[in-house]
1. Residues with amide H under 5 Å of Leu84's amide H, sequence separation 5 or more or different chain, H placed in the peptide plane at 1.01 Å from N; which?
2. Highest GNM mean-square fluctuation, the chain, Cα pairs closer than 10 Å: which of Cys214, Cys322, Cys18?
3. Do the sum for the chain: with -39,500 (n - 2.57) for every DSSP H run of n ≥ 4, divided by all residues, what is the mean residue ellipticity at 222 nm, to the nearest 500 deg cm²/dmol?
4. Cross-link list Lys118/Lys153; Lys153/Lys305; Lys118/Lys327; Lys305/Lys327: which exceed 30 angstrom alpha carbon to alpha carbon?
5. Quick one: net charge of Asp226's neighbours, Cβ under 9 Å, K/R +1, D/E -1?
6. Per residue of the range 327-335, in order, report the coupling 6.51 cos²θ - 1.76 cosθ + 1.60 (Karplus, θ = phi - 60°) as ³J(HN,Hα) in whole Hz, putting x for Gly and Pro.
7. Distances longer than 14 Å among the Cα atoms of the range 265-339: what percent of all pairs is that?
8. Once the other residues with Cβ under 13 Å from the Cβ of Thr2 are scored (Lys, Arg +1; Asp, Glu -1), what is the net sum?
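Values in this text are rule-based calculations from the coordinates and carry no lab data. Owing to the predicted nature of the structure, the values given are computational and were not obtained by experimental measurement. When we count neighbours, we look across all protein chains shown, and the Cβ atoms used for this are built from the backbone with ideal geometry, even at glycine.
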Amino acid sequence: MTEVLVTGGAGYIGSHMCVELLQAGYDVVVADNLSNSSARSLQAVQRITQKPLSFVEMDIRDEERLAALFRSHRFDAVLHFAGLKAVAESVAEPLRYYDNNVNGTLRLVEAMSSAGVKTLVFSSSATVYGTQERVPIDESAGTAPTNPYGRTKLQVEQLLHDLGDADAQWRISLLRYFNPVGAHPSGEIGEDPNDIPNNLMPYIAQVAIGRLPCLRVFGDDYATADGTGVRDYIHVVDLVNGHLRALDYLQANTGVAVHNLGSGRGHSVLEVIAAFERASGRPIAHEVVARRPGDVARSFADPGKANRELNWTATHDLERICQDAWKWQTRHPDGYRTA
Ligand code: NAD
Ligand code: UDP
């Protein structure tokens, strides 16, 4: 059986990845320091799949423990989700972000290299594109991230390109996510922000459940159909299935490949609110306020390269995304703190 290491596997996307990996027959080992997650997510993963996984609570920057982990397993591949992801926090604490995201990845690939494990899927982000006026965005668009978080992602991409150039045995997939949202259809795992959410979908879900009073819509004077910002929302299950396809792709291809993971469709803030109202049967209180600094009018993917080369396409629409997000929210109104 194929054994894989999932760094950051207790987190939002990583936990969904574990479900799909286990269901596809992989043996799964998770390494996570639980800095932004709960081990309860992994208990839920095992309930959903009725399959066991191994969990090691550790920081990926801990070289000794990482080396020991690679000595005690024969991994075929690593899926690397561990990282910090809050844009505003990265502006306030850049060193923490560079250390965790860039050094963390460096330590990981050093350990992989020593152990002869040279297949890696990395969670990159559409934030590496920065402010693009032209949509849809394909992988040939320039990269110019506008904040430290985005720059850590781009630096890791560059580091991995250099590694692939230096050693032809590496097989590396860089996946640039657009806006991952939604939850597993079981309602047992989902996004569980620590504080007040920064992102639209978890914010709306918390307004719907009554944890937050009102959504602020950041600007309705953009050059879009209804004036509000347009983004490419991708169901988290579609997203992690893209990683399974990337693993298949890496079996047949060496080198470094870059793919967008997005639906290719854009939805405005008002469209998302309306869809969530239909899914939840509840009104979403909202008010229009000033634009959020740094936001662009429209961002959505050209997923054609992933469609062709990974044989992957997003299948869940916005209605389904909102239904699944609402199911998770109603079953776990306080996230994993709900027993
Ligand atoms: P998350 O915070 O829910 O998951 C990240 C996990 O990594 C957490 O469980 C955290 O405890 C763990 N972690 C962080 N630093 C670690 C370290 N040094 N050692 C061990 N574990 C560590 O975030 P997520 O939304 O699941 O994101 C997963 C990855 O995808 C991240 O790399 C993120 O930057 C990237 N990404 C996320 C989005 C998004 O909107 N969610 C978009 C683009 C890219
Ligand atoms: N947005 C909003 N109110 C919020 C959070 C987000 O109006 O409380 C808007 C934001 O301006 C953008 C869209 O929703 O147009 C998606 O924002 P999010 O932060 O989720 O993703 P990103 O901006 O990183 O694509």
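1. Sorted by chain and number, the residues that satisfy this are Asn101.
2. In the Gaussian network model the winner is Cys214.
3. -12000 deg cm²/dmol
4. Lys118/Lys327; Lys305/Lys327
5. On the way: positive: none; negative: Asp220, Glu271.
Net of charged neighbours comes to -2.
6. 4, 4, 5, 6, 6, 9, x, 10, x
7. That tail contains 73 percent of the Cα-Cα pairs.
8. Spelling it out: positives minus negatives among the neighbours equals -3.
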